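The values are calculated or read from the model by the stated rules, or taken from the named source; none is laboratory data. Bear in mind that the values here come from a model prediction, so they are computed numbers and not experimental data. Glycine gets a Cβ as well: all are built from the backbone with ideal geometry, and neighbour counts include every protein chain shown.
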Amino acid sequence: MKGLLNNKKVIIFDFDGLLVNTEKIYLQGWVIAFKTYSVKVSEELLRSFSGKSIEEVDSILQSQGISFKLLKQVRKYRERYIQDMIESSTITLLPGVKEFLEYTFPKYKLAICSSSPRNRIEAILNYLDIIHYFDKIVAYEDTIEHKPSSEPYKKIIEYYGIQQSNIIAFEDSYAGISSAKVNHIETHCISEFLFSDYLKIGTIKFFHKNFYEVMRAL
């Protein structure tokens, strides 16, 4: 797969679980927040939230009998926990990410396409001192529909005004991969494990365990 970035001008990244190790922290935030409010929610269900939008998660939790008022309190508590983790140096870049960013910047335009709130993304990017690498961020607030909808990636395509063949995307979730592929963008899955959800998309043509593997394909 040598020449991975040939003819590419824009590289789009998911954020949580792809660039930074936030997925475990987000999960722990849910666990601690629900425990604080004496609400029992299975960890299996909480794990399934990875890659889902805020609306999807809220809908699932409300279907479990959790009121909107209580859910709002739980979310607020969880956000405080996540902020504490940002400030306590718990959040770090995943293997090979820094090297890949340094290699591709400024030769390519780098963008983030995420379902997370902008303030959280920017807080983490600033803390890790990597915000300057990114030319464009499409966050939760920027779209009406979220991954797996086509809208988030479509926003980035429109922003750059280039052909999809000149774009490459890196994702780690079913929702993200679906969102990119429906826009006819070459999409690479980065994950240590091939989750069953990915099989819903069909055969994954490009799969890497981490960005060190991606670097070897350049």
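Here is a check on your reading of the model: is Arg118 closer than 27 Å to Ile137 by Cα, out of contact with any Pro (no Cβ under 7 Å at 6 or more places or on another chain), assigned by TED's automatic domain parsing to the domain that holds Lys154 and surrounded by fewer than 18 Cβ atoms within 10 Å (Cβ to Cβ)? So Arg118 fits the description; yes.
Taken residue by residue, segment 51-70 has at least one member that is closer than 30 Å to Ala217 by Cβ, out of contact with any Cys (no Cβ under 8 Å at 6 or more places or on another chain) and not assigned by TED's automatic domain parsing to the domain that holds Asn166.
When you scan segment 93-102, do you find a residue that is crowded, with 17+ Cβ neighbours inside 10 Å, in contact with a Phe, Trp or Tyr (Cβ under 8 Å, 6 or more places away or on another chain) and without any contact (Cβ under 8 Å) to a residue 40 or more places away in the chain, even just one? Yes, segment 93-102 contains a residue that is crowded, with 17+ Cβ neighbours inside 10 Å, in contact with a Phe, Trp or Tyr (Cβ under 8 Å, 6 or more places away or on another chain) and without any contact (Cβ under 8 Å) to a residue 40 or more places away in the chain. When restricted to residues that are in contact (Cβ under 8 Å) with a residue 60 or more places away in the chain and within 19 Å of Pro95 (Cα to Cα), segment 1-49 contains 14.
Has segment 204-211 got any residue that is in contact with a Phe, Trp or Tyr (Cβ under 8 Å, 6 or more places away or on another chain), part of a strand (DSSP E or B) and at pLDDT below 95? Within segment 204-211, none of the residues are in contact with a Phe, Trp or Tyr (Cβ under 8 Å, 6 or more places away or on another chain), part of a strand (DSSP E or B) and at pLDDT below 95. Of Ile156, Ile162, Ile112, which residue is out of contact with any helix residue (DSSP H, G or I) (no Cβ under 9 Å at 6 or more places or on another chain), touching a residue at least 12 places away in the same chain (Cβ under 8 Å) and surrounded by 19 or more Cβ atoms within 10 Å (Cβ to Cβ)? Exactly one of Ile156, Ile162, Ile112 is out of contact with any helix residue (DSSP H, G or I) (no Cβ under 9 Å at 6 or more places or on another chain), touching a residue at least 12 places away in the same chain (Cβ under 8 Å) and surrounded by 19 or more Cβ atoms within 10 Å (Cβ to Cβ), namely Ile156. Out of all the residues in segment 36-55, which are within 21 Å of Arg118 (Cα to Cα) and surrounded by fewer than 17 Cβ atoms within 10 Å (Cβ to Cβ)? The answer is Ile54, Glu55. The set of residues from segment 136-157 being under 12 Å from the mean Cα position of the chain (by Cα) and small (Gly, Ala, Ser) comprises just one member, Ala139. Based on what the data block shows, is Lys35 within 22 Å of Phe211 (Cβ to Cβ) and either modelled with pLDDT of 95 or more or touching a Pro at 6+ places or on another chain (Cβ under 6 Å) (or both)? No: the conditions fail for Lys35.
Against the numbered list (1) over 17 Å from the mean Cα position of the chain (by Cα); (2) at pLDDT 95 or above; (3) among the hydrophobic types (A, V, I, L, M, F, W, C); (4) in a helix (DSSP H, G or I), Leu199 comes up short only at (2).
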